[in-house]
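Beneath this line is the structure, given in structure tokens, with notes to follow.
The values are calculated or read from the model by the stated rules, or taken from the named source; none is laboratory data. Small disclaimer: the values here were computed from a predicted structure and weren't measured. Cβ: placed from backbone, ideal geometry, glycine included. Neighbour counts: every protein chain shown. Ligands, DNA and RNA are stripped out before the accessible areas are found, and what is left, the full protein with its side chains, is counted by its heavy atoms. Shrake-Rupley method; radii C 1.70, N 1.55, O 1.52, S 1.80 Å.
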Amino acid sequence: AQTVTQSQPEMSVQEAETVTLSCTYDTSESDYYLFWYKQPPSRQMILVIRQEAYKQQNATENRFSVNFQKAAKSFSLKISDSQLGDAAMYFCAYRSATGNQGGKLIFGQGTELSVKP
Amino acid sequence: ETGVTQTPRHLVMGMTNKKSLKCEQHLGHNAMYWYKQSAKKPLELMFVYNFKEQTENNSVPSRFSPECPNSSHLFLHLHTLQPEDSALYLCASGREFVDTEAFFGQGTRLTVV
């Protein structure tokens, strides 16, 4: 079975600075997808960024980028130029690319990010 | 706004009550999911529906009963719950067999008293 681990329950960053959230996962599959979701106090889970395992290039979305290390099974999220609106709970998630897995997401425990003005 | 709507947003119920949670999406997705989010724990997948058929029940107690009458609506019927069932219940939808992310609703905060 696949597992996702986020070892940082809480992180803090100064506004305009850069922060990196860690995520490791365990799987025997070679093809899969990885995601970072953001959950602000409104509780809405919002996709931040996604990575296909078959792609070597790290995904980037504006101020958000990932460091995907497939061999090490590591998938960290870097937030540059942090803004107050980035404060939220961040979840790392895994999805198998095998169709019979039902498209389900396996989540880590989450990292609560606070941004200091 | 992700296009997935859940009602109610908050629900308080006694252990002997029967209530239902509703989820609705008009995104053309064919897969819908129920997740449970408890404090200090990862989101737990409860049920998966593909094309209205239940494809996964993740060892969920029978006091939780899902229903998917069509591909746009998903219900979670609740009866004789326990206080430990208090949690945030999140609905999500997606397109099975396609490499897209899941879209989540805002959840129902359930408190069992």
In chain B, which cysteines lack any other cysteine Cβ under 4.7 Å from their own? B:Cys68
GluC sites (Glu not before Pro) in segment A:17-117 lying in a DSSP loop, each with at most 16 other Cβ atoms within 10 Å of its Cβ, come to A:Glu17, A:Glu29
Could you state the number of Å between the C-alpha centres of segment A:39-90 and segment B:14-28? 31 Å
Average accessible surface area per residue within segment A:14-91, 1.4 Å rolling probe, Å²: 48 Å²
Aspartates and glutamates with Cα under 17 Å of A:Lys70, excluding same-chain neighbours fewer than 8 positions away: A:Asp26, A:Glu29, A:Asp31, A:Glu52
Solvent-accessible area lost in complex, 20 Å² minimum, residues of segment A:78-100 relative to chain alone, 1.4 Å: A:Phe91, A:Arg95, A:Gly99
Share of the protein assembly as shown's accessible area from carbon and sulfur, percent, 1.4 Å? 48 percent
I need to check one value: relative contact order of chain B, counting alpha carbon pairs closer than 8 Å and at least 6 residues apart, in percent. 37 percent
What does the charge dipole of chain A about its Cα centre add up to, to the nearest 20 debye, if the Cβ of each Lys and Arg holds +1 and the Cβ of each Asp and Glu holds -1? 220 debye
Near-label residues of segment A:1-30 by backbone N, under 11 Å of a point 7 Å along Cα→Cβ of A:Lys78: A:18-21
Report, as an integer, the average count of C-beta atoms from other chains found within 10 Å of each Cβ along B:33-45. 4
Long-range tail of P(r) for the protein assembly as shown (Cα pairs > 30 Å, %): 24 percent
Set A:Lys55/B:Lys41; A:Lys38/B:Lys40; A:Lys55/B:Lys40; A:Lys38/A:Lys104; A:Lys104/B:Lys41, cut-off 24 Å on Cα-Cα distance; pairs above it are A:Lys55/B:Lys41; A:Lys55/B:Lys40
Under 12 Å from the Cβ of A:Lys116, count the other residues' Cβ atoms, weight Lys and Arg +1, Asp and Glu -1, and hand me the total. -3
Rounded to the nearest 100 Å², what is the sum over both chains of accessible area buried where A meets B, with a probe of 1.4 Å? 2100 Å²
With the charge dipole of the protein assembly as shown built from beta-carbon charges (+1 for Lys and Arg, -1 for Asp and Glu) about the Cα centre, the Cα from A:Ser30, B:Leu45, A:Pro117 projecting farthest to the positive end belongs to B:Leu45
Choice from A:Thr20, A:Thr60, A:Thr98 showing the highest fluctuation, given a GNM over chain A with Cα pairs closer than 10 Å: A:Thr98
